[in-house]
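A short write-up of the structure that comes next.
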Amino acid sequence: MTPPAARSANPLTLKERMKVPRQQMPEQEAALRSANFTEVNLGYSPELARQEALRCLECAKTTCMQKCPVGVKVKEFVQLIVAGDFAGAAAKIREDNVLPAITGRVCPQEDHCEAACTLGKAKNVRPLGIGYLERFVADYEQRMGIRHLPKVPPTGKKVAVVGSGPSGLTVAGDLAQRGHKVCVFEALHELGGVLVYGIPEFRLPKQIIREQLDYLRDMGVEFETDVVVGRTVTIDELMGEEGYDAVFIGTGAGSPQFMGIPGEHLNGVYSANEFLTRINLMKAYQFPRYDEPMVDLHGKDVAVIGGGNTALDAIRSSLRLGARKAYVIYRRSEAEMPARIEEAHHAQQEGIEFHMLTNPVEFLSDGKGWLAGARCVRMELGEPDASGRRRPIPVAGSEFDLPLSVVVIAVGTSANPIVQSTTPGLATDKRGYIQADANTQRTSRKGVFAGGDIVTGSATVILAMGAGRRAAKSIDEYLTSGAWEAPAA
Amino acid sequence: MFKILQAQLLAPGIKRFVIEAPRIAHKQKPGQFVILRINELGERIPITIESSDPVAGTINIVVQAVGKTTHLLHCLGAGDSLADVVGPLGKPSEITKFGTVVVVGGGVGTAMAYPTAAALKRAGNQVISIIGARNKELVLLEKEMSAVSDLLLVTTDDGSYAEKGFVTDKLRELIEAGTRIDLVLAVGPVVMMKAVAELTRPAQIRTVVSLNPIMIDGTGMCGGCRVLVDGKSQFACVDGPEFDAHLVNFEVLVQRNAMYREAERRSMEEFAKERAAQEERAREQMGVECAALPGGER
């Protein structure tokens, strides 16, 4: 352990800091929240935030920052919270992260900064609540209407960003800060990509996204909705007649995967993307005030297939829409679930039942075209597979039927082909994802960069933002020097 | 916002809208569609593009009033705006010289088949068009179709115009007469497209249909428009909307299109209840009359 920095405002000794318990995130009671779409986590008060910030050991070696995909200067912003300078703390985060109110809510800090935190290495001591603190200062900044706008002169360069999800917005913010003109193109009618159509209100309120977008607008970023790049306009046209000097492609993971089992076309079987889009983007739960309908879930039994965050978002939404029983069906065990621990915990509190080591083999019909249930099989874990997780193997003779009215399939996505198929010379991998250099995010096309899920396949908001940040740095270098070195294939 | 420049009643309950959408007009090819949303509370619906004018920056769509959204659209006229129009979506029709092509248009499907028929004619095909409607008033684009066809056959269900019968009767006659047919393109109600597929299957005539499943985003993101083609899931929005008719599972399409029938009925009922208010608002704000509404006389 290293001694605290000389200019620390923290009055506690290291020993005292280790004795302060991690401050709990105030949350809406489970019984109450499982019937509404209001945010589960309520956020720290200034007192709680300062108390939590006091726990930081202010290590000389900031592994927390190194583990952050966008490199947030954790120690420095936490020190500013200790000093009571919340606005300063927000400005410090913004040097590296243009969407702090979003990452403060949905980033899996337990896999990044908090996993690296020295506090967590000590016996019975939990890591610093870095995500909670980030959220606190981001919300403070928002409430106070604080803006840190770029003061650099315009460079005269124009960059097109394809997709307004986390990677695209990060690129836009970072480039605007360097004086470049940025226009973000979005296929849907609302901005935010997966943040808007995918993540539900109770985890990430739309208002928070809107405020973060307003911040980007104030920084000079322009947005155009209803543009499907590849169809409405191509990458070549953007770089040709529309005069963009560079393009960043951040179109996301795209197409939902189905399981290829019988009964998938029955009414009542949804992809997670469709189910969540109807709810989050189209507000189908407010039908008929909103026009888009969805299956009425009141009193119905609903299951989601899959163990990721998307699966939990879908099933927790169904509970809020009146489902009687809500199940998670996952073919591996709890230890392999890719979802955030906090979200799985929240789901359990809300009364979601978990069928672990279970997989559907067929969706059953009621004889009138509607889903009546799922025929499932028990699984056991064998040797580790390519993903390093133990491979699930069906147990012979273990089939059983689960009566269900609605099934949501959340088993992953595959690459959306629209941009790739309309951009000659843009190299893709075998699965159709765009090939981009891991450090510079350069693609095989000069001036074209890509990042986020369309390069890596489904990942997290923060990893997409990390790619966006690397891309922005390398776009800036390209625009300044004009030098282009094709990435190694 | 996307401005409506013109709205013209083509037949009872069927209107053509000319919409300002320069980016779409610049790119549109026959067979492609747009997704539109009327206002902030609206649903997203797919509509095939009839034609476009890249110079004027406009697209034409032909819309039949069937549900709430299309009825609401019919209340709009020149000067009004739509919240969102996105496209052109879907793969364009395959346009090449096939030889003799039979284009079958049923009801409002005629307007959707028209641009492809015209393009096929331009590509040097012999085009035989068969268009059908319930009655005389509902026969669409007869002049336009005639201009791009070497032979135009018209049917009405009730015999109030041209020949009494269905488009499939005419197609059967052509096949039975031994007419050489290299391709059949059918656009219209699912029952019609299915009947066409069943007719051409034994004759082994390559047949393409344009499918109309329920869609949301139209970019391959949601998978709601999945159709069963040759036993596999395909997304009509990115893999289609045109598919080999002999491989399409029409039963699944009919079943999935009925998924929200109850909700659609309720939406329509509530809309009809507000009809008086809607018409009043339409007159005040837009100076146009609402088109046919359920229970209406028009």
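The values are calculated or read from the model by the stated rules, or taken from the named source; none is laboratory data. If you're wondering where the values come from, they're calculated on a predicted model, not measured in any experiment. Counting neighbours? That spans all protein chains shown, and the Cβs are built from the backbone with ideal geometry, glycine included. Ligands, DNA and RNA are stripped out before the accessible areas are found, and what is left, the full protein with its side chains, is counted by its heavy atoms. Shrake-Rupley method; radii C 1.70, N 1.55, O 1.52, S 1.80 Å.
Based on this model, can you work out whether residue B:96 counts as at pLDDT 95 or above, of a type in the set (Val, Ile, Thr), touching a Lys or Arg at 6+ places or on another chain (Cβ under 8 Å) and surrounded by fewer than 20 Cβ atoms within 10 Å (Cβ to Cβ)? Here the answer is no, as residue B:96 does not meet what is asked.
Looking across region A:321-339, just one residue is in contact with a Pro (Cβ under 8 Å, 6 or more places away or on another chain) and not in a loop (DSSP other than H, G, I, E, B), and that is A:329. Of everything in region A:340-351, what is of a type outside the set (S, T, N, Q) and either part of a helix (DSSP H, G or I) or surrounded by 23 or more Cβ atoms within 10 Å (Cβ to Cβ) (or both)? Give them in sequence order. Result: A:341, A:342, A:343, A:344, A:345, A:346, A:347.
Taken over region A:258-271, the criterion of being facing chain B (nearest Cβ under 9 Å), under 15 Å from residue B:235 (Cα atoms) and touching a residue at least 40 places away in the same chain (Cβ under 8 Å) is satisfied by A:258, A:264, A:270, A:271.
Taking the numbered list (1) assigned to a strand (DSSP E or B); (2) in contact with a helix residue (DSSP H, G or I) (Cβ under 9 Å, 6 or more places away or on another chain); (3) open to solvent by 50 Å² or more (accessible area, probe 1.4 Å) in turn, residue A:368 passes all entries but (1). Looking at A:277, A:310, just one residue is within 11 Å of chain B (Cβ to nearest Cβ), crowded, with 24+ Cβ neighbours inside 10 Å and in a helix (DSSP H, G or I), and that residue is A:277. Note on region A:1-74: enclosed helices (runs of 4 or more DSSP H) holding 3 or more residues that are in contact with a helix residue (DSSP H, G or I) (Cβ under 7 Å, 6 or more places away or on another chain) are A:46-53, A:63-66.
Would you confirm whether or not region A:124-139 contains a residue that is free of Cβ contacts under 8 Å to residues at least 60 places away in the same chain, more than 28 Å from residue A:202 (Cα to Cα), assigned to a loop (DSSP other than H, G, I, E, B) and of a type in the set (A, V, I, L, M, F, W, C)? The answer is no; no qualifying residue exists.
Sub-7 Å Cβ pairs linking a first residue in region B:73-84 that is of a type in the set (S, T, N, Q) to a second residue that is modelled with pLDDT under 95, at least 6 apart or interchain, are B:81/B:1, ordered by first then second residue. Among the residues of region A:395-421, just one is modelled with pLDDT of 95 or more, in a loop (DSSP other than H, G, I, E, B) and in contact with a helix residue (DSSP H, G or I) (Cβ under 8 Å, 6 or more places away or on another chain), namely A:410. Condition test on residue A:398, is it open to solvent by 80 Å² or more (accessible area, probe 1.4 Å), farther than 27 Å from residue A:40 by Cβ and not hydrophobic (A, V, I, L, M, F, W, C)? Answer is no for this residue. Under the condition of being open to solvent by 10 Å² or more (accessible area, probe 1.4 Å) and touching a residue at least 60 places away in the same chain (Cβ under 8 Å), the residues counted in region A:286-303 number 3.
Count of region B:60-77 residues, restricted to those that are closer than 24 Å to residue B:221 by Cβ, modelled with pLDDT of 95 or more and open to solvent by 10 Å² or more (accessible area, probe 1.4 Å), is 0. Here residue A:454 fulfils each of the conditions (1) open to solvent by less than 10 Å² (accessible area, probe 1.4 Å); (2) in a loop (DSSP other than H, G, I, E, B) apart from (2). Taken over region B:239-250, the residue count meeting the criterion of being modelled with pLDDT under 95 and in contact with a helix residue (DSSP H, G or I) (Cβ under 9 Å, 6 or more places away or on another chain) is 0. Residues that are under 20 Å from residue B:201 (Cβ atoms), of a type outside the set (A, V, I, L, M) and outside any helix (DSSP H, G or I) were ranked within region B:236-257; the one that is nearest to the other protein chains (Cβ to nearest Cβ) is B:249. Just one of the listed residues (A:203, A:147) is in contact with a strand residue (DSSP E or B) (Cβ under 9 Å, 6 or more places away or on another chain) and either part of a loop (DSSP other than H, G, I, E, B) or within 14 Å of chain B (Cβ to nearest Cβ) (or both), and it is A:203.
None of A:178, A:217, A:210, A:203 is under 28 Å from residue A:426 (Cβ atoms) and among the basic types (Lys, Arg) except A:178. Taken over region B:29-49, the criterion of being at the interface with chain A (Cβ under 10 Å from one of its Cβ atoms) and in a loop (DSSP other than H, G, I, E, B) is satisfied by B:32, B:38, B:39, B:40, B:41, B:42, B:43, B:44. Residue check: residue A:420 meets all listed conditions (1) open to solvent by 70 Å² or more (accessible area, probe 1.4 Å); (2) farther than 22 Å from residue A:269 by Cα but one, namely (1).
Taking the condition surrounded by 22 or more Cβ atoms within 10 Å (Cβ to Cβ) and in contact with a Ser or Thr (Cβ under 9 Å, 6 or more places away or on another chain), does residue A:249 pass? So residue A:249 passes the test. Mind counting the residues in region B:258-280 that are in contact (Cβ under 8 Å) with a residue 40 or more places away in the chain and either away from chain A (no Cβ under 12 Å) or open to solvent by less than 40 Å² (accessible area, probe 1.4 Å) (or both)? Summing the residues that are in contact (Cβ under 8 Å) with a residue 40 or more places away in the chain and either away from chain A (no Cβ under 12 Å) or open to solvent by less than 40 Å² (accessible area, probe 1.4 Å) (or both) in region B:258-280 gives 7. Within region B:199-234, being more than 8 Å from chain A (Cβ to nearest Cβ), part of a loop (DSSP other than H, G, I, E, B) and among the hydrophobic types (A, V, I, L, M, F, W, C) holds for B:205, B:211, B:214, B:215, B:225. Of all the numbered requirements in (1) without any contact (Cβ under 8 Å) to a residue 24 or more places away in the chain; (2) away from chain B (no Cβ under 11 Å); (3) of a type in the set (Asp, Glu), residue A:241 misses one, and that requirement is (2). When residues in region B:78-93 are screened for being open to solvent by 20 Å² or more (accessible area, probe 1.4 Å) and away from chain A (no Cβ under 14 Å), 3 of them pass. Checking each residue in region A:209-238 for being of a type in the set (Asp, Glu), under 16 Å from residue A:418 (Cβ atoms) and open to solvent by 20 Å² or more (accessible area, probe 1.4 Å) picks out A:236, A:237. Going by the structure shown, is residue B:12 closer than 19 Å to residue B:89 by Cα and open to solvent by 40 Å² or more (accessible area, probe 1.4 Å)? Answer is no for this residue.
Residues satisfying the criterion are absent from region A:147-157 (criterion: touching a residue at least 60 places away in the same chain (Cβ under 8 Å) and closer than 30 Å to residue A:313 by Cα).
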